[in-house]
Amino acid sequence: MTQMTTGPHRSKRAHLELQLDSSPTLGAAVSFGEPADGAASRIVMVSGVPVSRVSPPVVELLSAMDGQSAVRDLHARFAADVPEQDFLALVNRFRSNGLMEGADHKPAGRFVYRAPLTLQVATLRAPAMFAWLDRGIRPLSSRATRALVPAIVLLGVIAMGLQTTDVARLLASPVPLLGLVVVLIVQSVMTLLHEGAHGVTLTRFGGTPRRAGFMLFYLTPAFFVDVTDGWRLEDRWQRVGVALAGPTVHAVLGSAFTIAALFVADGIGRQILLLLGASCFGIVLVNLIPFVRFDGYIALMSALDEPNLRDRSKRDFTRWLTGVLYGTAPVPKRLDRWWSASFGMASTLAPVVLVVFAIMRIQSALASGGPVLAFLVLAIEGAVLAMGVAILLRGVRNAWRAGVSTWRFIAVNLLVVIAVVMAGLCISVPSTTTAGFSATGSEIVLVQGGTRADADIPDGADVALLTNGILVNVPVGEATLAARETAPTSVPLDVLFPVTAGGAEVPATVIGIAQRSLETAGLPSTGQARIELGITNLWQAVWESAVARPLAEIFNQHSDVRQG
């Protein structure tokens with residue numbers, strides 16, 4: 001994961017917030033780089049390390065912090081049209097980022113923790129390492145070699161198009177456990193190459209990757225390279241090149257895997273190649289989403305030469321939304337683009353969509369896998385919920401600080417809460433419980449993981465039969481629950497999980513026998529079964545799917561657990 005910071009490491013004293021009567025002093029280690037490539041923006045540096053590109057008004061504001069002018073006076077001089085509390089929050093953000101005297105800045109070292117959930121372990125020899133790598137690959141980077149990159153990617157896209165049916169079938173089916181392990185290992189290596197490409201490209205353009213290493217990013221392991229020095233590059237398109245170097249590596253390697261799959265016979269080898277190709281292209285597409293702080297966003301920000309593009313547009317969106325809801329007076333936009341508020345809205349919603357999708361897949365795959373996995377699902381859901389509530393409360397607090405009418409603030413928030421609650425109660429969704437099925441001859445046995453079974457499944461319930469895919473579940477038939485017999489058993493791994501492992505079996509409980517109106521010809525031997533339980537409201541469905549079902553798995557209860 002590329003690290004292009006917008007602020008240095010937070011100091012221990014940064015929590016001492018300034019007040020309107022405080023007189024801040026710009027840190028002695030802070031300096032400003034000269035404009036590059038005719039751009040109006042400047043580079044803020046701390047101890048010679050680039051921090052961010054900022055606009056001239058911000059440079060003027062920071063330069064005016066001489067220890068004699070109070071924050072209130074600076075507000076009147078530089079941003080009289082911005083609410084005082086917003087301006088104070090901005091100044092305190094400068095302080096927390098180490099730009100003020102009294103907020104001691106310690107350069108990032110081998111071990112760095114950044115709130116709320118990022119821990120980095122780095123090597124400080126990254127400059128020498130990337131310089132050595134650059135010297136090694138320089139002979140290979142001729143113009144002819146660079147011309148091969150788009151050609152390979154184009155051929156890879158064509159090869160993927162020719163194998164779309166095979167890829168779709170593969171993603172909708174369980175994959176061999178060995179193949180999945182190989183894919184994960186190879187993808188880890190490719191992620192290392194992805195990050196290395198950022199560092200080598202920055203080095204080639206004359207920059208310095210200061211740190212590189214391994215990190216836990218919201219409990220997810222990842223590699224990283226700090227390319228903050230890219231802010232020094234005069235040519236904005238060089239900065240774009242640094243950002244896109246990583247996705248280019250995945251695009252080229254994904255194309256190579258996909259092309260190779262054309263010449264390999266069906267079997268686990270071809271499955272691995274197609275999985276690697278599909279996952280590489282998927283990583284490229286996700287990385288290019290400009291509404292999340294991925295490589296695509298950094299490339300767009302660099303191409304437009306708009307520092308802090310996402311934060312500024314999100315602020316414009318929240319200001320617009322605050323005005324609509326609470327009637328606050330219009331304020332000048334932070335990003336002088338006609339699409340600023342729209343981009344800010346997309347930047348606010350996109351991470352939510354990605355997180356919800358990830359949680360749904362995790363919950364579907366792991367919630368019935370036993371107490372340990374169910375507890376993991378609840379822990380992930382709890383952490384995400386806590387962060388979501390914190391973000392929501394911060395937004396409400398900022399709206400209050402915008403100077404809204406007390407009665408309107410209370411009335412609007414109350415109406416929003418009532419609308420959300422009523423919507424959840426009025427929106428009807430199908431209520432189902434998920435099981436696995438095993439088809440042997442004309443008999444379809446339905447099972448659930450562990451030693452529990454849902455107690456409130458009516459006889460004669462409709463059953464949708466689907467594939468148990470690594471990414472998607474495709475309908476393959478319909479059936480009716482014909483018998484309600486529960487008994488402990490053991491089943492192949494792919495009955496409950498989207499992986500196969502030879503003769504490996506897991507404990508399960510038979511919850512019934514399903515009967516099809518048609519023959520079972522063409523039905524896979526294992527898959528996922530969704531049993532219809534009727535209709536419920538959205539809140540009940542969310543509760544039973546996200547909370548009640550994992551809890552029942554943890555405590556091994558025979559309870560009415562439904563999934564919406």
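Output the residues belonging to the stretch 505-522 that are surrounded by fewer than 19 Cβ atoms within 10 Å (Cβ to Cβ), of a type outside the set (Val, Ile, Thr) and at pLDDT 85 or above.
Within the stretch 505-522, Glu505, Pro507 meet the criteria.
Residues to consider are Leu300, Leu335; find the one that is surrounded by 15 or more Cβ atoms within 10 Å (Cβ to Cβ) and without any contact (Cβ under 8 Å) to a residue 24 or more places away in the chain. Walk me through how you get there before you give the answer.
On the way: Leu335 fails: without any contact (Cβ under 8 Å) to a residue 24 or more places away in the chain.
Step by step, each of Leu300, Leu335 is checked, and only Leu300 is surrounded by 15 or more Cβ atoms within 10 Å (Cβ to Cβ) and without any contact (Cβ under 8 Å) to a residue 24 or more places away in the chain.
All but one of (1) more than 25 Å from Ala358 (Cα to Cα); (2) out of contact with any strand residue (DSSP E or B) (no Cβ under 6 Å at 6 or more places or on another chain) hold for Val491, so report the exception by its number.
Result: Val491 passes all but (2).
Can Ala265 be described as in the same structural domain as Leu184 (by TED's automatic domain parsing), surrounded by fewer than 18 Cβ atoms within 10 Å (Cβ to Cβ), over 23 Å from the mean Cα position of the chain (by Cα) and of a type in the set (A, V, I, L, M, F, W, C)? First the steps, then the outcome.
Values: in the same structural domain as Leu184 (by TED's automatic domain parsing): yes; surrounded by fewer than 18 Cβ atoms within 10 Å (Cβ to Cβ): yes; over 23 Å from the mean Cα position of the chain (by Cα): yes; of a type in the set (A, V, I, L, M, F, W, C): yes.
Here the answer is yes, as Ala265 does meet what is asked.
Starting from the stretch 400-420, take each residue that is touching a residue at least 40 places away in the same chain (Cβ under 8 Å) and list its partners that are part of a helix (DSSP H, G or I) and among the polar types (S, T, N, Q), counting only C-beta distances under 8 angstrom and pairs at least six apart or across chains.
Partner pairs satisfying both residue conditions: Arg401/Gln85; Ala402/Gln85; Ala402/Thr322; Val404/Thr322.
Just give me the residues in the stretch 468-513 being assigned to a loop (DSSP other than H, G, I, E, B) and either in contact with a Lys or Arg (Cβ under 6 Å, 6 or more places away or on another chain) or of a type outside the set (Gly, Ala, Ser) (or both), in sequence order.
From the stretch 468-513, those assigned to a loop (DSSP other than H, G, I, E, B) are 468-474, 484-486, 497-498, 501-504; that's our starting set.
If the condition is that a residue be assigned to a loop (DSSP other than H, G, I, E, B) and either in contact with a Lys or Arg (Cβ under 6 Å, 6 or more places away or on another chain) or of a type outside the set (Gly, Ala, Ser) (or both), then Asn468, Ile470, Leu471, Val472, Asn473, Val474, Arg484, Glu485, Thr486, Phe497, Pro498 are the ones that fit.
Quick one: Val242 ticks every box in (1) touching a residue at least 12 places away in the same chain (Cβ under 8 Å); (2) among the hydrophobic types (A, V, I, L, M, F, W, C); (3) out of contact with any Ser or Thr (no Cβ under 7 Å at 6 or more places or on another chain); (4) assigned to a helix (DSSP H, G or I) bar one, so which box is it?
(3)
Scanning the stretch 400-411 for residues that are of a type outside the set (Gly, Ala, Ser) and under 31 Å from the mean Cα position of the chain (by Cα), which turns out farthest from Glu84 (Cα to Cα)?
Step one: filter the stretch 400-411 for residues of a type outside the set (Gly, Ala, Ser), giving 400-401, 404, 406-410.
Restricting the remaining residues to those that are under 31 Å from the mean Cα position of the chain (by Cα) gives 400-401.
Details: Trp400: 12, Arg401: 9 Å.
The extreme case among them is Trp400.
Consider the stretch 58-83. How many of its residues are touching a helix residue (DSSP H, G or I) at 6+ places or on another chain (Cβ under 7 Å) and modelled with pLDDT under 85?
Residues that pass the stated criteria total 2.
Scanning the stretch 189-238 for residues that are assigned to a loop (DSSP other than H, G, I, E, B) and among the hydrophobic types (A, V, I, L, M, F, W, C), which turns out modelled with the highest pLDDT?
First, the residues of the stretch 189-238 that are assigned to a loop (DSSP other than H, G, I, E, B): 205-210, 218-219, 227, 233-235.
Restricting the remaining residues to those that are among the hydrophobic types (A, V, I, L, M, F, W, C) gives 205, 219, 227, 233.
Numbers: Phe205: 90, Leu219: 59, Val227: 84, Leu233: 82.
Among those residues, the one meeting the criterion is Phe205.
Identify, by number, the condition in (1) at pLDDT 90 or above; (2) of a type in the set (S, T, N, Q); (3) surrounded by fewer than 17 Cβ atoms within 10 Å (Cβ to Cβ) that Thr467 doesn't meet.
So Thr467 meets the others, but not (3).
Assess whether Val404 counts as being over 24 Å from Gln540 (Cβ atoms), surrounded by 17 or more Cβ atoms within 10 Å (Cβ to Cβ) and not small (Gly, Ala, Ser). Break it down stepwise before answering.
Values: over 24 Å from Gln540 (Cβ atoms): yes; surrounded by 17 or more Cβ atoms within 10 Å (Cβ to Cβ): yes; not small (Gly, Ala, Ser): yes.
Considered against the rule, which asks whether it is over 24 Å from Gln540 (Cβ atoms), surrounded by 17 or more Cβ atoms within 10 Å (Cβ to Cβ) and not small (Gly, Ala, Ser), Val404 comes out as yes.
Residues being surrounded by 15 or more Cβ atoms within 10 Å (Cβ to Cβ) and in a loop (DSSP other than H, G, I, E, B): count how many of those fall in the stretch 70-81.
Adding up the residues that qualify gives 2.
Please determine, by comparing only the residues of the stretch 169-221 that are of a type in the set (Ser, Thr, Tyr) and within 30 Å of Gly527 (Cα to Cα), which one is surrounded by the most Cβ atoms within 10 Å (Cβ to Cβ). So that I can check it myself, show each step before the final result.
Residues of the stretch 169-221 that are of a type in the set (Ser, Thr, Tyr), as a first pass: 173, 188, 191, 201, 203, 208, 218, 220.
Narrowing the set further to residues that are within 30 Å of Gly527 (Cα to Cα) leaves 173, 188, 220.
On the way: Ser173: 21, Ser188: 12, Thr220: 11.
If we take residues in the stretch 169-221 being of a type in the set (Ser, Thr, Tyr) and within 30 Å of Gly527 (Cα to Cα), then Ser173 is surrounded by the most Cβ atoms within 10 Å (Cβ to Cβ).
Consider the stretch 428-443. How many of its residues are over 29 Å from Phe555 (Cβ atoms) and either without any contact (Cβ under 8 Å) to a residue 40 or more places away in the chain or β-branched (Val, Ile, Thr) (or both)?
1
Mind listing whichever residues of the stretch 390-432 are part of a helix (DSSP H, G or I) and over 19 Å from Thr322 (Cβ atoms)? Before you say what the answer is, go through the steps one by one.
At the first step, the residues of the stretch 390-432 found to be part of a helix (DSSP H, G or I) are 390-401, 406-426.
Result: Ile418, Val421, Met422, Ala423, Gly424, Leu425, Cys426.
Among the residues of the stretch 259-279, which ones are modelled with pLDDT under 95, farther than 16 Å from Ala172 by Cα and among the β-branched types (Val, Ile, Thr)?
Val264
Determine, yes or no, whether Gly323 is free of Cβ contacts under 8 Å to residues at least 24 places away in the same chain, surrounded by fewer than 22 Cβ atoms within 10 Å (Cβ to Cβ) and out of contact with any helix residue (DSSP H, G or I) (no Cβ under 9 Å at 6 or more places or on another chain).
Details: free of Cβ contacts under 8 Å to residues at least 24 places away in the same chain: yes; surrounded by fewer than 22 Cβ atoms within 10 Å (Cβ to Cβ): yes; out of contact with any helix residue (DSSP H, G or I) (no Cβ under 9 Å at 6 or more places or on another chain): yes.
Taking the combined requirement at face value, the residue satisfies it.
The values are calculated or read from the model by the stated rules, or taken from the named source; none is laboratory data. Predicted model, so just to flag it, every value in this text is computed and none were measured. Positions of Cβ are backbone-derived with ideal geometry, glycine not excepted, and every protein chain shown enters the neighbour counts.
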